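The next block holds one structure in the form of structure tokens; read it before the comments.
The values are calculated or read from the model by the stated rules, or taken from the named source; none is laboratory data. Just so it is clear, the model here is predicted, and its values are computed rather than measured. When we count neighbours, we look across all protein chains shown, and the Cβ atoms used for this are built from the backbone with ideal geometry, even at glycine. Heads up: the accessible areas ignore ligands, DNA and RNA and are worked out on the full protein's heavy atoms, side chains in. Shrake-Rupley method; radii C 1.70, N 1.55, O 1.52, S 1.80 Å.
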Amino acid sequence: MHIVVCIKQVPETRDVAMDPEKGVLRRAEVAGKLNPFDLYALEAAVRIKEKLSGRVTAITMGPPQAEEVIRESFLMGADRGVLLSDPAFAGADTLATAFTLARGIGRLDSPDLIICGVQTTDGDTGQVGPGVAEFLGLPHVSYVRAIRKATREGLVMEQDLGDQVAVVSLPYPCLITVDKGIGQPRLPSFRRFLETKDYPVITWGYKELSGGDEVYFGLEGSPTQVERIFPPKVEREHVVFTDGDLARQLYQKLLELKFVG
Ligand SMILES: Cc1cc2nc3c(=O)[nH]c(=O)nc-3n(C[C@H](O)[C@H](O)[C@H](O)COP(=O)(O)OP(=O)(O)OC[C@H]3O[C@@H](n4cnc5c(N)ncnc54)[C@H](O)[C@@H]3O)c2cc1C
């Protein structure tokens with residue numbers, strides 16, 4: 001079994017600087033962490049590997065420091081890591097991200113299963129997983145909340161449809177996006193750190209991924225144009241009561257705001 005897990009480095013803070021000209025986030029300037037949903041994708045992959053044997057490859061597209069999340073994936077059980085990084089990939093929208101990841105996955109020895117998180121905590125679109133599957137021509141199931149059965153032929157899964165749950169079976173090769181119900185991600189161990197500290201991270205850039213039809217790389221290849229990007233204005237009213245019957249004044253204010261009454 002060869003399982004590929006797509007993982008993304010997301011900003012650790014909500015306080016991310018923006019480039020008002022290009023309409024993009026300045027991701028390289030902030031500390032990053034592994035997208036929390038991708039921990040579940042990794043956990044699902046490692047559990048299947050433990051049951052059926054095989055190997056797990058973690059892949060990410062991002063700036064050079066995104067290598068950190070690949071190293072973190074080793075601690076959870078990934079055997080190999082691939083970083084897709086090139087100035088030409090910067091500013092990608094979801095289509096360009098999915099295209100670039102599909103190109104990278106296409107260079108790996110044919111995966112049986114690709115697992116993505118259901119969404120990220122920054123872009124939050126949930127579009128990349130299905131986009132990768134479409135570029136690779138693979139069947140896919142999103143919002144998987146549990147894997148009931150994993151065999152060498154395929155998966156039987158529970159798909160969360162909001163107010164209903166569908167039981168879906170899918171043969172390999174296929175792509176799934178997984179939610180938090182999949183099982184608690186394991187903690188990284190020191191033993192695993194010692195085992196994996198010298199693992200290499202394969203880095204591929206534009207040269208390795210371009211094939212003459214690179215319409216969807218980076219900002220240039222992103223059909224979505226961000227017209228304006230700005231932090232939302234936070235408006236808070238401060239009222240200070242200093243004199244008189246403070247409790248009554250506070251009660252009046254709460255009545256006025258319809259918190260009581
Ligand atoms: C309308 C719009 C315009 C945008 N324009 C820009 C822009 O101009 N510049 C810019 O920098 N960003 C832009 N973005 C953000 C950019 O599209 C996202 O950072 C990126 O495409 C991933 O999308 P997402 O975070 O919504 O991932 P989701 O689709 O929510 O992620 C789902 C899963 O896909 C996988 N995944 C997602 N991204 C990666 C990755 N990079 N590497 C590996 N796996 C991944 C993970 O498994 C993740 O859990 C834009 C987003 C939108 C919605």
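Computed over the chain, the percent of Cα pairs more than 28 Å apart is 41. Of all segments of the chain bounded by GluC sites (Glu not before Pro) found in a DSSP loop with no more than 15 other C-beta atoms within 10 Å, the longest spans 22-152. Per residue, the average separation of C-alpha pairs within less than 8 Å and at least 6 apart gives region 2-209 a relative contact order of 25 percent. Taking trypsin sites (Lys or Arg not before Pro) in DSSP loop states with no more than 15 other Cβ atoms inside 10 Å as exposed sites, the chain has its longest site-free stretch at 27-106.
Working with all protein chains in place, sort 46, 165 by solvent-accessible area computed with a 1.4 Å probe, largest first. Mind dumping the intermediate values first?
Details: 46 5, 165 70 Å².
Highest to lowest solvent-accessible surface, that is 165, 46.
Would you mind working out the accessible area per residue for the chain, using a 1.4 Å probe, and quoting it in Å²? Write down the numbers at each step before the final one.
Values: 14690 Å² over 261 residues.
It amounts to 56 Å² per residue over the chain.
In order along region 64-73, phi translates into HN-Hα couplings of x, 5, 5, 4, 4, 6, 5, 4, 5, 5 Hz, rounded to whole numbers, per the Karplus curve 6.51 cos²θ - 1.76 cosθ + 1.60 with θ = phi - 60° and x for Gly and Pro.
If the viscosity is 1.002 mPa s and the temperature 20 °C, what Stokes-Einstein diffusion coefficient in µm²/s follows for region 164-216 when Rh is the Kirkwood radius over Cα pairs?
This corresponds to a translational diffusion coefficient of 129 µm²/s.
Pairwise Cα distances in region 99-200 exceed 17 Å in 60 percent of cases.
For region 2-209, what % of the accessible area comes from carbon and sulfur atoms, probe 1.4 Å? Please report the intermediate quantities before stating the final value.
On the way: 5060 of 9790 Å².
So the carbon and sulfur contribution to the accessible surface is 52 percent.
Between residue 165 and residue 224, the contour length at 0.36 nm per residue exceeds the alpha carbon distance by 18.0 nm. Close amide H pairs (under 5 Å, H built 1.01 Å from N) link residue 33 with 10, 12, residues at least 5 positions away or on another chain. Taking all protein chains together and a 1.4 Å probe, the residues 82, 156 rank 156, 82 from largest to smallest accessible area.
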